[in-house]
Amino acid sequence: MCPCEPRRAVSRGCLLAAFALTSLSALAAPLPGHPDAPTAEALSPAQMDQAWQRATARYEPERKALLAKVAQGDAMGPFRPDWISLARYRAPAWFGAAKFGIFIHWGVYAVPAFANEWYPRNMYDGTAREHAHQLDTYGPLAQRGYKDFVAGFKAQHWDPAAWARLFRQAGARYVVQVAEHSDGFAMYDSRLSRWTAAKMGPKRDVVAALERAVRAEGLRFGLSSHRAEHDWFFDHGRELTSDVNDPAYADLYGPAVPHFLQDGDQDLEQDWTYVSPAYVDDWLARTAELEAYYRPDLIYLDWWVGHPAFRDALAELLAYYYNRGARRGGVVLNYKLHTLPHGGGVLDVERGQLGGIQAAPWQTDTTISNDSWGYVAHDSYRSATSIIQLLADVVSKNGNLLLDVGPRPDGSIAPQQQAVLLEIGRWLATNGAAIYGSRPWRVSGEGPTALATGAFKEQLAASYTAGDFRFTRNKDMLYAIELAWPDDGTVVVRSIKPADRVQDVHLLGSSAPVRWQSTAQGLVLHPGPRPAGPAAFVFAIRTATDSP
């Protein structure tokens, strides 16, 4: 039996009364004498959660006001906060046409700049290399905890207009900023926390400034929330002497209850981590802030919101967001794994691909870095060619690519990242007709290279050959994207048959004529000299059968 309390077992007005009934013996359990002393064994998950509730009690009026906004939005229509209604959602046309977006992981975790954006969690894990690095570099955790990195997150060189201009030059049509990662530090002016970029560190509402800059460049603007997993994100800090145990910082470190799962972290039906109704209410209010104050075109939710404890609140959030979004042309909510019923939002396949054409738009997200979503020192980066090839594969299957960058704590973006982005932008400037606004053809592609499908499978990707093609359609043109150049100057596109009645072929970005013959084996191409640039070459093919 799941130990998580059903979220609606008691009304919000009765929560305090319900907690007052907690056994006196549990509340009287001896507490450690020093505020940084380990509490993993001394406190129950419920007690850990109550410490967090006390630390955040000052925000209860604003929390209630936000939950009231959600209730009002739920009643607006056309969506109700139930899954039968929400399954009728359809993604707006702008998303299906956009194809390429930029994701931004920027936060306090960029200050230590080590390993990846989960450094805040792993620095407290006595078995992790991040823990050893933390002790060697900064000393004991009671003296230098994650909270102490906030002062180093200054953003002194941040220029949101320059970011937005770079992303437009990269060919992106939408930008998604991490509003709050699992570390609990909000990059916006949250009414529910003092631990925000508006009040500490940069002392700027990063989300508001970037939203203005992005929209000024004519791009769509989105936000992501990873708040759900903050419930347990700092649990290792309770296992040793650290500032996570100090009630003075419980409003940053959260409940920090033990993450109790039994079959891997993707099977949330087998995740028995304690989640209180109060925490779910806080999650709903903090996520609703994003819509209430910033009106994002897209909200991306990380996977742990699929934990059963969030299910009712998730329906409330979606109805609120979709109803308000419907009044401005439609919005997108990205979800992972089995968080939503089919059709309830737009599926995101993290670091992976799908095997064929999908009926509804979907998305994959990956990072430009080889190691991290956030900034780390001495990082290495993926090539523009590999990213463009991924984009071609995803788009051929009715998907979008959301590509992540990780800025430095001073607000600058590493020159190597910028170079990759600009190379992608140059390719899209030449070949964008095959991408933007395109739709799948009758098959997504052909070729000998087999792909591993599903989330977190991109590391299994093989090198493409000149026989690997991806197909898209746009208006009256078929596009065949070749994923490597033929050494002998000749290639056969086997999916294009004489019955397609090819009328013309040309290679985008090249003035050289393409000789071609339609044969029983397929369309034989002799493209001439190889164009400069990344290894993804787009043949625009006019056929009698591909008129709109």
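What ranking, highest mean first, results for peptides 49-60, 225-236 when packing means the other Cβ atoms within 10 Å averaged over each residue?
Listed from highest to lowest mean packing, they are 225-236, 49-60.
Across 10 Å bins from the origin, how do the percents of Cα pairs in the stretch 110-201 run, short distances first?
14, 38, 32, 14, 2
Would you mind computing, in nm to one decimal, how far apart the modelled labels at Ala216 and Val514 are, each placed 7 Å from Cα along Cα→Cβ?
Calculated label separation equals 4.1 nm.
List the residue ranges in the chain for DSSP H helices whose C-alpha atoms run 20 angstrom or more along the long axis and whose Kyte-Doolittle average is -1.0 or above.
The qualifying helices are 60-74, 277-294, 311-326, 415-431.
Using a 1.4 Å probe over the heavy atoms of the protein chains, calculate the carbon and sulfur portion of the accessible area of the stretch 299-384 as a whole percent.
That share works out to 49 percent.
Could you tell me how far the Cα centroid of the stretch 348-423 sits from the Cα centroid of the stretch 85-105, in Å?
With the stretch 85-105 and the stretch 348-423 each reduced to a Cα centre, they are spaced 17 Å.
Over the Cα atoms of the stretch 509-548, what Rg and Dmax result, in angstrom?
When restricted to the Cα atoms of the stretch 509-548, Rg and Dmax are 12.1, 32 Å.
Would you work out which of Ile541, Ser276, Ala461 lies farthest towards the positive end of the dipole of the chain, given +1 charges on the beta-carbon of Lys and Arg and -1 on that of Asp and Glu, about the Cα centre?
Farthest towards the positive end: Ile541.
Quick one: length gained pulling Asp371 to Ala97 fully straight, 0.36 nm per residue minus the C-alpha distance?
The span from Asp371 to Ala97 would gain 95.7 nm if fully extended.
With a cut-off of 17 Å, note down the residues of the stretch 412-456 whose backbone N falls inside the zone around a label point 7 Å from the Cα of Ser380 toward its beta carbon.
Output list for this probe position: 416-417, 420.
Checking the a/c ratio against 1.5 first, then a/b against b/c, what shape does the Cα gyration tensor give for the stretch 189-242?
Prolate, since a/c reaches 1.5 and a/b exceeds b/c.
Gain in length, Arg351 to Gln266, computed as 0.36 nm per residue apart minus the alpha-carbon separation, to one decimal in nm?
Stretched fully, the Arg351-Gln266 segment lengthens by 29.2 nm.
Sorted by packing (mean other beta-carbon atoms within 10 Å per residue), highest first, where do 507-515, 310-318 land?
For the peptides 507-515, 310-318, the packing ranking is 310-318, 507-515.
Once amide H atoms are built 1.01 Å from N in the peptide plane, which residues 5 or more positions from Val176, or in another chain, come under 5 Å H to H?
HN-HN under 5 Å from Val176: Ile102, Phe103, Ile104, Gly222.
Using the Karplus curve 6.51 cos²θ - 1.76 cosθ + 1.60 with θ = phi - 60°, work out ³J(HN,Hα) for each residue of the stretch 469-483 in order, rounded to whole Hz, and write x for Gly and Pro.
With the stated coefficients, the stretch 469-483 comes to 10, 10, 10, 9, 10, 8, 6, 9, 10, 9, 10, 10, 9, 8, 9 Hz.
I need the calculated FRET efficiency for the pair Val443 and Ala208, taking r as the beta carbon distance and R₀ as 45 Å, to the nearest 0.05.
0.50
Per residue of the stretch 512-526, what does 6.51 cos²θ - 1.76 cosθ + 1.60 with θ = phi - 60° give for ³J(HN,Hα)? Whole Hz please, x for Gly and Pro, Karplus curve as stated.
Going residue by residue, I get 6, x, 9, 7, 8, 9, 8, 10, 5, 7, x, 8, 8, 10, 10 Hz, with x marking Gly and Pro.
I want to make sure I understand the PRE zone here: with the label point 7 angstrom from the Cα of Ala359 toward its beta carbon, which residues in the stretch 314-350 have backbone N atoms less than 11 Å away?
343
Mind checking which of Gln417, Pro255, Ala209 is farthest towards the positive end of the chain's charge dipole, using Cβ charges of +1 (Lys, Arg) and -1 (Asp, Glu) about the Cα centre?
The one lying farthest along the dipole's positive direction is Ala209.
How many nm separate the modelled label positions at Arg311 and Asp488, each set 7 Å beyond the Cα in the direction of the Cβ?
A separation of 5.9 nm, rounded to one decimal place.
Under 12 Å from a label point 7 Å along Cα→Cβ of Val524: give me every residue in the stretch 455-495 with its amide N that close.
Label zone hits: 490-493.
Between their Cα atoms, which of Lys336/Lys457; Lys203/Lys336; Lys64/Lys154; Lys69/Lys203 are more than 23 Å away from each other?
Check vs 23 Å cut-off fails for Lys203/Lys336; Lys64/Lys154; Lys69/Lys203.
On average, how much accessible surface per residue is there in the chain, in Å², for a 1.4 Å probe, leaving out ligands, DNA and RNA?
38
Assuming R0 = 51 Å, can you tell me the calculated FRET efficiency for the pair Thr465 and Met76, based on Cβ-Cβ distance, to the nearest 0.05?
0.45
Give the peptides 160-172, 125-137 in descending order of average Cβ contacts within 10 Å, highest first.
Ranking, from highest mean packing down: 160-172, 125-137.
Mind running the shape call on the stretch 371-419? Use the C-alpha gyration tensor, a ≥ b ≥ c as the square roots of the eigenvalues: rounded below 1.5 for a/c, prolate if a/b tops b/c, oblate otherwise.
prolate
Using the Cα centre of the chain as the reference point, and only Cβ charges (+1 on K/R, -1 on D/E), how large is the resulting charge dipole? Debye, rounded to the nearest 20.
Dipole size: approximately 2240 debye.
Kirkwood Rh and Cα-based Rg: tell me the resulting Rg over Rh for the stretch 157-270, rounded to two decimals.
1.08
Extent of the stretch 77-161 along each principal axis, from alpha carbon coordinates, in Å, largest to smallest?
55, 35, 22
Between Asp504 and Ala161, take the C-beta separation as r, use R0 = 41 Å, and let me know the FRET efficiency to the nearest 0.05.
That pair, Asp504 with Ala161, gives E of 0.45.
The values are calculated or read from the model by the stated rules, or taken from the named source; none is laboratory data. Source: prediction; values computed, not measured. Cβ atoms come from the backbone with ideal geometry, glycine included; neighbour counts cover every protein chain shown. Heads up: the accessible areas ignore ligands, DNA and RNA and are worked out on the full protein's heavy atoms, side chains in. Shrake-Rupley method; radii C 1.70, N 1.55, O 1.52, S 1.80 Å.
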